[in-house]
Amino acid sequence: MKSFPLKIVTPDGLCYDGPAQELVVRTTSGDLGILAGHISCVAPLGMGRATVMVDGVKKYAACIGGMVSVVNGQVTLVPTTFEWAEEIDIHRAESSETRAKSVLEDKTSTDTDIKLAEARLKRALIRKSVAQYKPR
């Protein structure tokens, strides 16, 4: 399978810079799969699992917010948050899930508190889901 240059960079720094054979990310309008020779495009990222195939091996990550661009065969992924499965702290994700559920169950929570808790809960569930793909 042909490869293409992929760069993954977050506000915290560079996560990956090298060849890839496949990239699948969740955009705000659904999953987007990218292979070598993909047409140039730009898309906003949603919240979900990213799959990156390098040297025939799939790696998984939690990928939240930001954008992806393909320009002249060069793919740049600029997420707000990007965590490889092996880097996810499952206990932290579970604690975040518990706190979010607590706010959602609290009848005195404001609309703003509820919206923030819903987003926190979704991020925590994505991180927990992706953590299952840690290499053994």
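The values are calculated or read from the model by the stated rules, or taken from the named source; none is laboratory data. Given the structure is predicted, the values throughout are model-derived calculations rather than measurements. Because the Cβ atoms are built from the backbone with ideal geometry, glycine has one as well, and the counts that use them run over all protein chains shown. SASA here: full protein model, heavy atoms, side chains in, ligands and nucleic acids out. Shrake-Rupley method; radii C 1.70, N 1.55, O 1.52, S 1.80 Å.
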If one puts a single equal scatterer on every Cα of the chain and applies the Debye formula without solvent, what log₁₀ I(q)/I(0) results at q = 0.11, 0.16 Å⁻¹?
-0.43, -0.81
If each DSSP helix of 4+ residues adds -39,500 (n - 2.57) and the sum is divided by the residues in the chain, what number results at 222 nm, nearest 500 deg cm²/dmol?
-9500 deg cm²/dmol
Just for the Cα atoms in the stretch 57-136, what are the lengths along the principal axes, largest first, rounded to whole Å?
51, 33, 12
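So for Ser129, Ser29, what's the accessible-area order with a 1.4 Å probe, most first?
Values: Ser129 55, Ser29 110 Å².
In descending accessible area the options line up as Ser29, Ser129.
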For the stretch 1-46, just say rounded, prolate or oblate: build the C-alpha gyration tensor, square-root its eigenvalues into a ≥ b ≥ c, call rounded for a/c under 1.5, and beyond that prolate if a/b exceeds b/c, oblate if not.
oblate
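Counting Lys and Arg as +1 and Asp and Glu as -1, each charge on the Cβ, what is the dipole of the chain about the Cα centre in debye, to the nearest 20? Let's see the in-between values first.
Details: 18 positive and 16 negative charges, 47 e Å.
Dipole size: approximately 220 debye.
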Expressed as an acute angle from 0 to 90° and rounded to the nearest 10, what is the orientation of the C-alpha long axis of helix 111-131 relative to the principal long axis of the chain?
50
Sequence of Lys101, Lys115, Lys128 from largest to smallest accessible area, 1.4 Å probe:
Lys115, Lys101, Lys128
GNM on the chain, Cα springs under 10 Å; top mean-square fluctuation among Arg99, Arg26, Arg123 goes to Arg99
Gaussian network model of the chain, Cα springs within a sub-10 Å range: biggest mean-square fluctuation belongs to which of Gly46, Gly18, Gly66?
Gly18
As straight-line cross-link partners of Lys122, the qualifying aspartates and glutamates (C-alpha separation under 16 Å, not fewer than 8 residues apart within one chain) are Glu83, Asp89, Glu94, Glu97, Glu105, Asp113
Per residue accessible area of the chain, 1.4 Å probe, in Å²
58
Measuring from the longest principal axis of the C-alpha atoms of the chain, the long axis of helix 90-105 (C-alpha) lies at a number of degrees, nearest 10, equal to 50
In whole Hz and in residue order, list the ³J(HN,Hα) couplings for the stretch 45-60 that follow from phi through the Karplus curve 6.51 cos²θ - 1.76 cosθ + 1.60, θ = phi - 60°; x for Gly and Pro.
8, x, 10, x, 8, 9, 10, 10, 9, 10, 6, x, 10, 7, 10, 10
What part of the accessible area of the chain, given as a whole %, is carbon or sulfur when the probe is 1.4 angstrom?
52
